[in-house]
Amino acid sequence: MYGIYGDIIDAAERALYSFDKTRELLEYPEVQADKAYYLSVLSKYNNLKFLKDKLSALTTALEEEKAVSALLAEAASDEERTAIYEEISSLKKTAALLSADLADALGCKHAEERAYCRFKLKEGSSKFGVALFSLIKSDLNSHGAKIEEEKTVCAKGGFVQEISFVTEGADVITRLYPLTGAHKVYIVQAKSEELCFAVTPAARVDKLNESDLKIDVFHSHGAGGQNINKVETAVRVTHLPTGLVVVCQDERSQLKNKKRALETLEKKLKEKSVQAEKKRIEADVNAQYSKKNTPISFNAANGTMTDTRLKAFSEIPFPLDEGRFASYIDGLISL
C-alpha cells in the first residue's frame, strides 16, 4: 500500500506497539514516586511520541499524494494539471524527508529513493554547472547511489547547455533538494547568468496488483477452432483503479488469453503512467527553475561560491574538494 516506505512504516508500527502502555505508566502513582524510573519511562514515551508523530505525518502525506493524484482525471486545463503535478511533487519530497527521520529514529535502513535531476546552463554559467554536476556525481557515488540515464546537450557554441540524469539510492532527494533553484553566476559587475538545477522524485513503474484486477471469462465469438462457443476461453481484464479494460479471445486456451490480456494491460498502463510522469516532471522542473534569488551564487571573476545559509561557505574557492562538498551538503541537511 505504501510502496517503498512500506517496510519503514511496518517497523514504526511494531515499535509503537507499547505506546499506549507507556503513556499509562506515566500516570501510575508508584511510577511517579520513583524519580529515576519515571524519567526512564518518560524518555521512552517521548521517543515513541516522536515516532508516532512522524509516522502519522508520513502516512498522511502518502494518502494526500494518492488523493491529489486522483484529481488529475478531472483536471479541466493544463494550468490545473500543472498545479496538481507540483502538489504531488511537494508531497513526495515531504514523504522522503519524513521517511528519513523515521529510519534514523528506528535505526533501520533508509528507503531507496529515485530522483530525476536536470541542469539548465548558459555560456557563462556552463563551467560552474559542469563542475557542480561532477561534485554531485562523486557525492552520490560515495553514498552508494546509482546514476542512470545520464544525458548532456551542448549548444551550437560548444558549451554544455543541459545535463540530466536519474539517481537512485538512500536519501538522494534529501541530499540534492537544498541545491535546487536558479542560482546567479556573476560574470562581471553588471552582468550575471543563471545556473538552474532541479530535482524531482521519479516514479517507478509498479507491477500489476492482483487486488486491482477484475477478471471475467466468457465464450469466444467468431472463427478460432473447435473451442469457440463451447468453452469459456475468452478473458476480459478490468483494471479497477483506472477503469481500463482489455479483452483477449484470439487463443484457444483461457490460460493463454489471460496471459496476453495481462501483458497488454500492463503495457497500456505503463504507457499511460510514463506520459503522466513526463508532464509532472516538466511542471516541477519549471517551477524550480523559476525560484530566483536563491542563497547560492557563484562569482566567475574570482572563481568562488557563496551560500548565505552557512557562514563557513562564503566566498569559498569553487569547485570544492569532494570532502568539503560532502560537509557542505551535510550542513544544508542539518539546517
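The values are calculated or read from the model by the stated rules, or taken from the named source; none is laboratory data. For clarity, every value in this text was computed on a predicted model and none was experimentally measured. As a convention, Cβ positions derive from the backbone with ideal geometry for all residues, glycine included, and neighbour counts pool all protein chains shown.
Can you find a residue that is farther than 30 Å from VAL217 by Cα and part of a helix (DSSP H, G or I) anywhere in the range 302-314? Explain how you work it out, then say what you get.
In the first step, residues of the range 302-314 are kept if they are farther than 30 Å from VAL217 by Cα; the result is 302-314.
Filter again for part of a helix (DSSP H, G or I), leaving none.
Scanning the range 302-314, I find no residue that is farther than 30 Å from VAL217 by Cα and part of a helix (DSSP H, G or I), so the answer is no.
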Quiz prompt | All positions within the range 97-143 that are closer than 28 Å to ALA12 by Cβ and among the acidic types (Asp, Glu) | solution = ASP101, ASP104, GLU112, GLU113
Quiz item: Are any residues in the range 1-22 more than 15 Å from LYS44 (Cα to Cα) and without any contact (Cβ under 8 Å) to a residue 12 or more places away in the chain, and if so, which ones?
Solution: MET1, GLY6, ASP10
Quiz item: Is at least one residue of the range 114-125 buried (at least 18 other Cβ atoms within 10 Å of the Cβ) and part of a helix (DSSP H, G or I)?
Solution: no
Quiz item: Hey, does the range 56-65 have a residue that's touching a Lys or Arg at 6+ places or on another chain (Cβ under 9 Å), polar (S, T, N, Q), part of a helix (DSSP H, G or I) and surrounded by 16 or more Cβ atoms within 10 Å (Cβ to Cβ)?
Solution: no
Quiz item: Out of (1) within 15 Å of VAL199 (Cβ to Cβ); (2) in contact with a strand residue (DSSP E or B) (Cβ under 7 Å, 6 or more places away or on another chain); (3) among the aliphatic types (A, V, I, L, M), the odd one out for LEU135 is which?
Solution: (2)
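Filter the range 126-142 down to the residues that are exposed (fewer than 15 other Cβ atoms within 10 Å of the Cβ) and under 21 Å from the mean Cα position of the chain (by Cα), then identify the one that is farthest from VAL285 (Cα to Cα). Can you show your working first?
Here is the first cut: in the range 126-142, the ones exposed (fewer than 15 other Cβ atoms within 10 Å of the Cβ) are 134, 138, 141-142.
Pick out the ones that are also under 21 Å from the mean Cα position of the chain (by Cα) and you get 138, 141-142.
Values: SER138: 23, ASN141: 23, SER142: 26 Å.
The selected residue is SER142.
Grab the strands (runs of 3 or more DSSP E) fully contained in the range 132-196, keeping just those with 2 or more residues being more than 23 Å from LYS291 (Cβ to Cβ). Talk me through it step by step, then tell me what you get.
Details: elements: 146-154, 160-170, 181-188.
Qualifying strands (runs of 3 or more DSSP E): 146-154, 160-170.
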Quiz item: Name the pairs: first residue in the range 85-100 and closer than 16 Å to ILE333 by Cβ and free of Cβ contacts under 8 Å to residues at least 24 places away in the same chain, second residue buried (at least 22 other Cβ atoms within 10 Å of the Cβ) and among the acidic types (Asp, Glu), Cβ to Cβ under 7 Å, at least 6 apart or on different chains?
Solution: none
Quiz item: Tell me, which residue of the range 1-55 that is aromatic (Phe, Trp, Tyr) and within 27 Å of LEU98 (Cβ to Cβ) is surrounded by the fewest Cβ atoms within 10 Å (Cβ to Cβ)?
Solution: TYR17
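Considering only the range 243-274, state which residues are in contact with a helix residue (DSSP H, G or I) (Cβ under 8 Å, 6 or more places away or on another chain), surrounded by fewer than 19 Cβ atoms within 10 Å (Cβ to Cβ) and over 14 Å from LEU208 (Cα atoms). Even if it seems obvious, please write down each step before you answer.
Let us first name the residues in the range 243-274 that are in contact with a helix residue (DSSP H, G or I) (Cβ under 8 Å, 6 or more places away or on another chain), namely 244, 246-251.
Adding the requirement that they be surrounded by fewer than 19 Cβ atoms within 10 Å (Cβ to Cβ) leaves 244, 247, 250.
Scanning the range 243-274 gives VAL247, ASP250.
With the structure loaded, tell me whether LEU102 is assigned to a helix (DSSP H, G or I) and under 22 Å from GLY144 (Cα atoms) or whether it fails that test.
Numbers: assigned to a helix (DSSP H, G or I): yes; under 22 Å from GLY144 (Cα atoms): yes.
So LEU102 fits the description; yes.
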Quiz item: Which of the residues that make up the range 275-308 are under 17 Å from GLY181 (Cα atoms) and loosely packed, with under 13 Cβ neighbours inside 10 Å?
Solution: SER290, LYS292, ASN293, THR308
Practice problem: Tell me which of these ASN257 doesn't satisfy, since it passes every other one: (1) in contact with an Asp or Glu (Cβ under 8 Å, 6 or more places away or on another chain); (2) modelled with pLDDT under 85; (3) of a type outside the set (Phe, Trp, Tyr); (4) within 23 Å of ARG118 (Cα to Cα). | Solution: (4)
Quiz item: Inside the range 144-184, can you point out the residues that are surrounded by fewer than 14 Cβ atoms within 10 Å (Cβ to Cβ) and not charged (D, E, K, R)?
Solution: GLY144, THR152, VAL153, CYS154, ALA155, GLY157, GLY158
